[in-house]
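The values are calculated or read from the model by the stated rules, or taken from the named source; none is laboratory data. The structure displayed is predicted, hence computed values, not measured ones. Cβ sites come from the backbone with ideal geometry, for glycine too, and all protein chains shown count toward neighbours. The area values use the complete protein model at the heavy-atom level, side chains included, leaving out ligands, DNA and RNA. Shrake-Rupley method; radii C 1.70, N 1.55, O 1.52, S 1.80 Å.
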Number of protein chains: 2
Amino acid sequence: MSYQVGYLGPKGTFTKMAVDGFFKDYESRSYETIPECMDAVENGEVDAGVVPLENAIEGTVHLTIDYLIHQVSLPIIGEIIVPIKQHLLVHPDFDGDLGDIDIIYSHSHAIAQCHQFIHKNMKDSRISYTSSTGQAAQLISEKGGNIAAIGNELAAGEYGLKIFKQEIHDYPNNHTRFAVIQKEKKRLPMQDFQPQNYKTTIMVTLPRDYAGALHQVLSAFSWRKMNLSKIESRPMKTGLGNYFFIIDVDQTYDQVLFPGVQAELEALGCSMKVLGTYPSFLLSEEIIKNICDHKS
Amino acid sequence: MSYQVGYLGPKGTFTKMAVDGFFKDYESRSYETIPECMDAVENGEVDAGVVPLENAIEGTVHLTIDYLIHQVSLPIIGEIIVPIKQHLLVHPDFDGDLGDIDIIYSHSHAIAQCHQFIHKNMKDSRISYTSSTGQAAQLISEKGGNIAAIGNELAAGEYGLKIFKQEIHDYPNNHTRFAVIQKEKKRLPMQDFQPQNYKTTIMVTLPRDYAGALHQVLSAFSWRKMNLSKIESRPMKTGLGNYFFIIDVDQTYDQVLFPGVQAELEALGCSMKVLGTYPSFLLSEEIIKNICDHKS
């Protein structure tokens, strides 16, 4: 049986784009929520899972991180960074103008990402919300007529839609980070491309909240010249006001620096947990073009 | 004309609960996206707006913060913290058991928050996604039959539904933070309750990324014994790898400590912008009960 990859579906979403760009010789299986997808990896239903980690349209980073911490014990083994480009998609039979489009369908976050464009160019169009950008594309392909979806080029390919207007999102440099999680240590059947860098994601819990606590924690990294590419405080599920930190360090876990940091943090009364050490891959425009050409 | 409050709609969402719990003698107007709601405040269409800031179901914090930074210049003037409790809501005519419910409707984040409950107790029910918990509740009230929605008690009241099963969310201590934004300096017509504390939210931009940069920034707060209740790094819209920080300080902006921090950060080549200094209010169970009793 070939390698099975679970992902946050449906087809034609940015998560699916991450899967298609990253893996080769695999079968994919779509899940409707982040917890369902992660449970499937935990239960061995699939070999790996791909879920959004930051700045996603279809889900929130909080859900993924919280589930990794509280519910499943799965390491992050890779990161896929996908540039977010939104297009206005129509049925192939549509031959009107922008002004002829009566209804725009999409996920509320995608609509919000194209707010300026819609406000300037499609003020009279009605907006209807769907549960994902993929669902919006599917709806256009089934119904046709004077309606449009906002979604990516993969959705256009999967559902046979025409890209009516390219890149209508308000911010040019928007990216989504996806985590690859795997239970068993298996070789990942991935495309032949080089990581842009390596990262280690750790969780640090403070014993109590006091002024300067985080500053103390960061000292352990700072004097070792370890660069942090992300830091985020998150409330503990035990109530308001208790925080833990998710920190991305810009290097692979090693046997000198990280154990040193850990010993120092534990001496301060903190605890540290490694959520994964992994290569990070950026899906280039060329790779995305290849996936989409392949589908359409 | 009475004081106008815009909010991320529709009715029966947690945002609406924040509005009803916080304001008195006001008229509310529902907006479909975060940017639309904030534009309405900027344009003077409404006097104030309420949008999710952290851990929301209907939106993402990133959208709100990004829009505050890039698109509008509106201070945060208050924070409302709402405990998140999800219930299983049915049509008042439904008289079956849990096992009789064929379809569960809700926003994907609400479904994910009740993942364990559904998995254990309603494995055979089909799931159908809506664009908000409020929309799901509306659908149940219109269609009736063997279907249920996941949503809060306000949705039950607004749409005349029965709470079939209380508190089905997986984590007991989940909260959403909402920001109150206002353009003109007007007196806020708020309910008579005391803030639990005061906060100042600032944005710090680093000149470039280097090991220990954040540690240096935090020194400015640490030696002044200023407590930080939240810190989050966010990518700049200018591309991957350039970060800014959103920091919540646990005190009101003053004329000694904050200008001192700012001078120190500027000497390091950083820039600092105050996004708001405001009281923070927690909606107690009692307040929420009052709102909901009033509706039903």
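Only residues that are within 14 Å of chain A (Cβ to nearest Cβ), in contact with a Leu (Cβ under 7 Å, 6 or more places away or on another chain) and crowded, with 24+ Cβ neighbours inside 10 Å: list them for the range B:39-59, please. Reasoning before the result, please.
Restricting attention to the range B:39-59, the residues satisfying the condition of being within 14 Å of chain A (Cβ to nearest Cβ) are B:39-40, B:42-43, B:45, B:51-59.
Filter once more, keeping what is in contact with a Leu (Cβ under 7 Å, 6 or more places away or on another chain): B:42, B:51-52, B:58-59.
Within the range B:39-59, B:Val51, B:Pro52, B:Glu58, B:Gly59 qualify.
If you take the residues of the range A:4-36 that are within 14 Å of another protein chain (Cβ to nearest Cβ) and assigned to a strand (DSSP E or B), which of them is modelled with the highest pLDDT? Steps first, answer last, please.
If we filter the range A:4-36 for residues that are within 14 Å of another protein chain (Cβ to nearest Cβ), which is where we start, we get A:8-10, A:13, A:15, A:30-36.
Right, trim to assigned to a strand (DSSP E or B) and you get A:8, A:30-31.
Values: A:Leu8: 87, A:Ser30: 93, A:Tyr31: 90.
Ranking the qualifying residues of the range A:4-36, first place goes to A:Ser30.
Out of the residues in the range A:150-168 that are among the charged types (D, E, K, R) and within 20 Å of the chain's Cα centre (by Cα), state the one that is modelled with the highest pLDDT. So that I can check it myself, show each step before the final result.
To start, the set of residues in the range A:150-168 that are among the charged types (D, E, K, R) comprises A:153, A:158, A:162, A:165, A:167.
Going one step further and asking which of them are within 20 Å of the chain's Cα centre (by Cα), we end up with A:153, A:158, A:167.
Working: A:Glu153: 92, A:Glu158: 91, A:Glu167: 95.
That would be A:Glu167.
Specify the residue that is nearest to the other protein chains (Cβ to nearest Cβ); the eligible residues are those in the range B:139-154 that are out of contact with any strand residue (DSSP E or B) (no Cβ under 8 Å at 6 or more places or on another chain), more than 20 Å from A:Gln135 (Cβ to Cβ) and open to solvent by 20 Å² or more (accessible area, probe 1.4 Å).
First, the residues of the range B:139-154 that are out of contact with any strand residue (DSSP E or B) (no Cβ under 8 Å at 6 or more places or on another chain): B:141-145, B:154.
Filter once more, keeping what is more than 20 Å from A:Gln135 (Cβ to Cβ): B:141-142, B:144-145, B:154.
Then drop every residue that is not open to solvent by 20 Å² or more (accessible area, probe 1.4 Å), which leaves B:141-142, B:145.
On the way: B:Ser141: 18, B:Glu142: 16, B:Gly145: 21 Å.
This residue is B:Glu142.
To keep it simple, each residue is scored yes or no on (1) of a type in the set (Lys, Arg); (2) closer than 28 Å to B:Ile287 by Cα; (3) more than 12 Å from chain A (Cβ to nearest Cβ).
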site: B:Ser128; (1), (2), (3): no, no, no
site: B:Ala137; (1), (2), (3): no, yes, yes
site: B:Lys162; (1), (2), (3): yes, yes, yes
site: B:Glu167; (1), (2), (3): no, yes, yes
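Please state which of the following conditions A:Ser280 fails to meet, knowing it meets all the rest: (1) within 14 Å of chain B (Cβ to nearest Cβ); (2) out of contact with any Asp or Glu (no Cβ under 9 Å at 6 or more places or on another chain).
(2)
Do you know which residues across the range B:164-174 are crowded, with 17+ Cβ neighbours inside 10 Å and either free of Cβ contacts under 8 Å to residues at least 60 places away in the same chain or within 20 Å of B:Ala18 (Cβ to Cβ) (or both)? Give the derivation first.
Residues of the range B:164-174 crowded, with 17+ Cβ neighbours inside 10 Å: B:164-165, B:168-170, B:174.
Within the range B:164-174, B:His169, B:Asp170, B:Asn174 qualify.
In this structure, does A:Val90 turn out to be within 14 Å of another protein chain (Cβ to nearest Cβ) and in contact (Cβ under 8 Å) with a residue 12 or more places away in the chain? Quick ask: steps written out before the conclusion?
Details: within 14 Å of another protein chain (Cβ to nearest Cβ): no; in contact (Cβ under 8 Å) with a residue 12 or more places away in the chain: yes.
Taking the combined requirement at face value, the residue does not satisfy it.
Could you figure out which of (1) in contact with a strand residue (DSSP E or B) (Cβ under 9 Å, 6 or more places away or on another chain); (2) within 11 Å of chain B (Cβ to nearest Cβ); (3) not acidic (Asp, Glu) isn't true of A:His115?
For A:His115, the failing item is (1).
Criterion first (open to solvent by 10 Å² or more (accessible area, probe 1.4 Å) and away from every other protein chain (no Cβ under 14 Å)) does A:Pro83 satisfy it?
Working: open to solvent by 10 Å² or more (accessible area, probe 1.4 Å): yes; away from every other protein chain (no Cβ under 14 Å): no.
No, not satisfied.
Scan the range B:20-34 and give yes if some residue there is open to solvent by 40 Å² or more (accessible area, probe 1.4 Å) and polar (S, T, N, Q), otherwise no.
Narrowing the range B:20-34 to residues open to solvent by 40 Å² or more (accessible area, probe 1.4 Å): B:24-30, B:32.
Checking the rest, the ones that are also polar (S, T, N, Q) come to B:28, B:30.
Scanning the range B:20-34 turns up at least one residue that is open to solvent by 40 Å² or more (accessible area, probe 1.4 Å) and polar (S, T, N, Q).
Does B:Tyr243 qualify as being more than 7 Å from every other protein chain (Cβ to nearest Cβ), hydroxyl-bearing (Ser, Thr, Tyr) and touching a residue at least 40 places away in the same chain (Cβ under 8 Å)?
Numbers: more than 7 Å from every other protein chain (Cβ to nearest Cβ): yes; hydroxyl-bearing (Ser, Thr, Tyr): yes; touching a residue at least 40 places away in the same chain (Cβ under 8 Å): no.
No, not satisfied.
When the residues of the range A:88-104 are filtered to those that are open to solvent by 20 Å² or more (accessible area, probe 1.4 Å) and under 16 Å from A:Asn152 (Cα atoms), which remaining residue is nearest to the chain's Cα centre (by Cα)?
Step by step, filter the range A:88-104, then rank; the result is A:His91.
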